[in-house]
Amino acid sequence: MADKTGWVEKRQFERIVATLKVDYRLVDSKDSKKILEHTHYKLTKAEHLPELSKKSPLYHAVTKDISMGGLSLLGPNPFEMGGLVEIGLHLPKYKTTLKFLAKVVRTESFVEMGRTIHRAGVQTLAIHQGDLDLIENFLKKLKS
């Protein structure tokens, strides 16, 4: 869709401003290929997935915004462009952490109040359909 300035919107899903806690681990690209090759990934619960990211420490961040296709993350650690991350998203009033595999598609860093903040746009690569439904319901409640 183009507007008067000729800008073409690349996003498929509407972004909703939301600050949510996120944990993430870096995933080796060789390991991620194994899981993405399985068509049943989207039908598998997170506890049945191979532990792809155990080699990486656990990092913490917060979301700036969220959509059905990904998140914008803010954190103290730099993000690697094109890197793969296993995201653990904490939705309010939901006891289980939603886990999914995502790719870093945008990065930037800026200084705010004397601290360097790193921002990343991540695109969801693989997620359990039930978790995707929970995110969709959460976004609908935020919009209303």
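The values are calculated or read from the model by the stated rules, or taken from the named source; none is laboratory data. This is a predicted model, so every value here is computed, not measured. Reconstructed Cβ throughout: ideal geometry from the backbone, glycine too, with neighbour counts over all protein chains shown.
Of note:
- Given (1) farther than 12 Å from residue 20 by Cα; (2) assigned to a strand (DSSP E or B); (3) out of contact with any helix residue (DSSP H, G or I) (no Cβ under 6 Å at 6 or more places or on another chain), index of the condition residue 73 fails: (1)
- Residues located in region 105-137, provided they are hydrophobic (A, V, I, L, M, F, W, C) and in contact (Cβ under 8 Å) with a residue 60 or more places away in the chain: 125, 126, 127, 132, 135
- Of all residues in region 19-32, none are within 22 Å of residue 118 (Cβ to Cβ), in contact with a helix residue (DSSP H, G or I) (Cβ under 7 Å, 6 or more places away or on another chain) and either in a loop (DSSP other than H, G, I, E, B) or at pLDDT 90 or above (or both).
- Listed conditions (1) among the aliphatic types (A, V, I, L, M); (2) touching a strand residue (DSSP E or B) at 6+ places or on another chain (Cβ under 8 Å); (3) modelled with pLDDT under 95 are all met by residue 43, apart from (2).
- Here region 80-109 is the region considered, the condition is being assigned to a strand (DSSP E or B) and of a type in the set (Asp, Glu), and the residue that is nearest to residue 27 (Cα to Cα) is 86.
- None of 84, 98, 91 is of a type in the set (A, V, I, L, M, F, W, C), surrounded by fewer than 20 Cβ atoms within 10 Å (Cβ to Cβ) and within 15 Å of the chain's Cα centre (by Cα) except 91.
- Residue tally, condition within 20 Å of residue 18 (Cα to Cα) and either in contact with a helix residue (DSSP H, G or I) (Cβ under 7 Å, 6 or more places away or on another chain) or surrounded by fewer than 19 Cβ atoms within 10 Å (Cβ to Cβ) (or both), over region 128-137: 5
- A single entry from 104, 111, 122 fulfils the requirement of being of a type in the set (A, V, I, L, M), closer than 25 Å to residue 76 by Cα and surrounded by fewer than 12 Cβ atoms within 10 Å (Cβ to Cβ): 111.
- Those residues of region 52-70 which are part of a loop (DSSP other than H, G, I, E, B) and farther than 22 Å from residue 138 by Cβ, in sequence order: 52, 53, 54, 55, 56, 57, 58
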